[in-house]
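Visitor: The structure follows.
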Amino acid sequence: MVINSHSSATPASLRKTHRGMILSRVQSEPGISRAELARMCGFSEMAATRIVRELLAAGIIQESRVSDQDKAKKKHVGRPKTGLHIVKDGLFAVGITVSAYHSDVSICDADGKLHASSSPENVAFDTVADAARAYASALRDLIETSGIDVSRIVGVGVALSGRTLPDRAEIVTSDYFGWANDGGQFCREIQKIINLPVEIENISNALAIAEMRFGGARDVSDFALIHAATFVGAGVVSDNRLVRGAAGVSGLLGHFRAEDRPLTCVCGRNDCLNLSATGFGLLSRLGKLDHRAFDTSKLSFYATALLNALDDPKAADLVSEAGQNLAPALDSVAKLLGPKKIILSGYLGAHDCYFNAVRQALTDHFDYGPHGSFEIVQGTIPSVEAAALLALHAFCYSDQLDYDRFALSSDRNKGAQHG
Ligand SMILES: [Zn+2]
């Protein structure tokens, strides 16, 4: 569990931190009792009970009795046992995923289940502001037609291909847009249309956060998520925390040194993993490229051509070759970080043929096996959900939950029902 704590430990900030801890625990252990909550979070039972009472009053969690059938089975005596659960439609999060493959706006419920999504058409935008307004408008339309209570949305998540500084809500560079540092304009424009807090991450980190809280990495504290599509990048979680590096830039797996190729990476080199273990490298081997240097104006072409190649049985050998080329880098990652899992994600990474080739190469050349220290698995969360789950993580299951707003909105709803 990760609690974002930027504030000093005043009683009010401690209360927010504790609320985030309790709420996270109820989400990850449905049916948990107050006593178990207190023990697991290290609080007194009285403190846990007080926070539980607040969350119940705000309609964020609910209490359910163990069913009569269960009671008969367990032959309970005394007070009936009750358990705490997240109210699935008690809160929602919304998100914008921007990619060359397809862009999506989505809504997920408080339990991380996809509630609604739509895919706005990918068009070229002249400015950062134009793009932000187009995506935010598509998201606003989705919210309006979804029928959810808009007063119960915690915030907006943005996941995109590029380098981001989440603390400053900035895009540092984005190959997809071909933009340099946006000074936070993308997130500010979204906020003008959807008046809610915005959290931004690159796609690898957003997927890592989503897998950590809602997906295949819930049960591990150390893992690496490898996102392989046109290029390859990584999101690394160590001791339940995302590794960001001193300058906020980490996981640059695509620029690991590998074999020389007759291609040029965005960084200017000819020996990056981006040229041999990725969609770009694969398209070159398939003879689909009429140029050698990676060209950001051709991202849509790379995306479409890769999806076609993955559907083509004749390309299977070269897809496998690309997967084999990733294996040495994963062996280095495993030896350096000691992860419990390595999760392969993205259109290429989660593709069976590529995934199986990576695993086979690790087995054949790097002693990977069932009794090894880590497990290699396919991602469980599609990119369409990553952005909304990022918002849920940032603004619901953390000390950033705007409790007062939801307590008020819950009161108003109750008033409306009885009035
Ligand atoms: Zn490079």
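The values are calculated or read from the model by the stated rules, or taken from the named source; none is laboratory data. In this text, all values refer to a predicted model and were calculated from it rather than measured experimentally. Using ideal geometry, Cβ is built from the backbone for each residue, glycine included, and neighbour counts are taken over all protein chains shown. These accessible areas exclude ligands, DNA and RNA; they are computed on the full protein's heavy atoms, side chains included. Shrake-Rupley method; radii C 1.70, N 1.55, O 1.52, S 1.80 Å.
Visitor: Restricting attention to the stretch 361-385, which residues are out of contact with any Gly (no Cβ under 8 Å at 6 or more places or on another chain) and either acidic (Asp, Glu) or over 26 Å from residue 117 (Cα atoms) (or both)?
Guide: Matches in the stretch 361-385: 362, 364, 365, 366, 367, 368, 369, 370, 371, 372, 375, 376.
Visitor: Now a separate question. Which of the residues spanning the stretch 224-237 are within 13 Å of the ligand (Cβ to nearest atom) and open to solvent by 20 Å² or more (accessible area, probe 1.4 Å)?
Guide: 231
Visitor: Mind checking which residues of the stretch 233-257 are in a loop (DSSP other than H, G, I, E, B) and in contact with a helix residue (DSSP H, G or I) (Cβ under 6 Å, 6 or more places away or on another chain)?
Guide: 251, 256
Visitor: Among the helices (runs of 4 or more DSSP H) confined wholly to the stretch 339-419, which include 1 or more residues that are at pLDDT 95 or above, touching a Pro at 6+ places or on another chain (Cβ under 7 Å) and among the aromatic types (Phe, Trp, Tyr)?
Guide: Correct list: 383-395.
Visitor: Name every residue in the stretch 332-354 that is open to solvent by 10 Å² or more (accessible area, probe 1.4 Å) and touching a Gly at 6+ places or on another chain (Cβ under 8 Å), in order of residue number.
Guide: Within the stretch 332-354, 341, 346, 347, 350, 353 meet the criteria.
Visitor: Let me ask something else about it. What are the pairs with Cβ atoms under 7 angstrom where one residue, in the stretch 287-313, is of a type in the set (Val, Ile, Thr) and the other, located anywhere, is assigned to a loop (DSSP other than H, G, I, E, B)? Sequence gap at least six, or different chains.
Guide: 296/175; 296/178
Visitor: For residues that are in a loop (DSSP other than H, G, I, E, B) and modelled with pLDDT of 95 or more, tally how many sit in the stretch 269-318.
Guide: 14
Visitor: Given (1) at pLDDT 90 or above; (2) over 21 Å from residue 140 (Cβ atoms); (3) not hydrophobic (A, V, I, L, M, F, W, C), identify the lone condition not met by residue 189.
Guide: With respect to (1) at pLDDT 90 or above; (2) over 21 Å from residue 140 (Cβ atoms); (3) not hydrophobic (A, V, I, L, M, F, W, C), residue 189 is out only on (2).
Visitor: Sticking with this structure for a sec: Taking the stretch 233-248 as the region of interest, how many residues are at negative phi and over 16 Å from the mean Cα position of the chain (by Cα)?
Guide: Residues flagged as at negative phi and over 16 Å from the mean Cα position of the chain (by Cα) within the stretch 233-248 amount to 2.
Visitor: I'm told residue 208 meets every condition in (1) at pLDDT 95 or above; (2) under 21 Å from residue 99 (Cα atoms); (3) open to solvent by 30 Å² or more (accessible area, probe 1.4 Å); (4) aliphatic (A, V, I, L, M) except one. Can you identify the failing condition by its number?
Guide: (3)
Visitor: Then there is this: Given 218, 213, which one is in contact (Cβ under 8 Å) with a residue 40 or more places away in the chain, away from the ligand (no atom under 16 Å from the Cβ) and touching a Gly at 6+ places or on another chain (Cβ under 9 Å)?
Guide: 213
Visitor: Here's a follow-up. Tally the residues that are buried (at least 17 other Cβ atoms within 10 Å of the Cβ) and more than 8 Å from the ligand (Cβ to nearest atom), restricting the search to the stretch 253-263.
Guide: The qualifying residues number 5.
Visitor: Next up: Of the residues 195, 274, 270, 240, only one is within 12 Å of the ligand (Cβ to nearest atom) and farther than 21 Å from residue 161 by Cα; which? Step through it out loud before you land on a result.
Guide: Values: 195 fails: within 12 Å of the ligand (Cβ to nearest atom); 274 fails: farther than 21 Å from residue 161 by Cα; 240 fails: within 12 Å of the ligand (Cβ to nearest atom).
Just a single option satisfies the conditions, and that option is 270.
Visitor: For the stretch 314-331, give me the residue count where each residue is without any contact (Cβ under 8 Å) to a residue 40 or more places away in the chain, surrounded by 20 or more Cβ atoms within 10 Å (Cβ to Cβ) and of a type outside the set (A, V, I, L, M).
Guide: Result for the stretch 314-331: 0.
Visitor: Tell me which residues, restricted to the stretch 175-195, are open to solvent by less than 30 Å² (accessible area, probe 1.4 Å) and either assigned by TED's automatic domain parsing to the domain that holds residue 274 or in contact (Cβ under 8 Å) with a residue 60 or more places away in the chain (or both).
Guide: Those that are open to solvent by less than 30 Å² (accessible area, probe 1.4 Å) and either assigned by TED's automatic domain parsing to the domain that holds residue 274 or in contact (Cβ under 8 Å) with a residue 60 or more places away in the chain (or both): 189, 190, 194.
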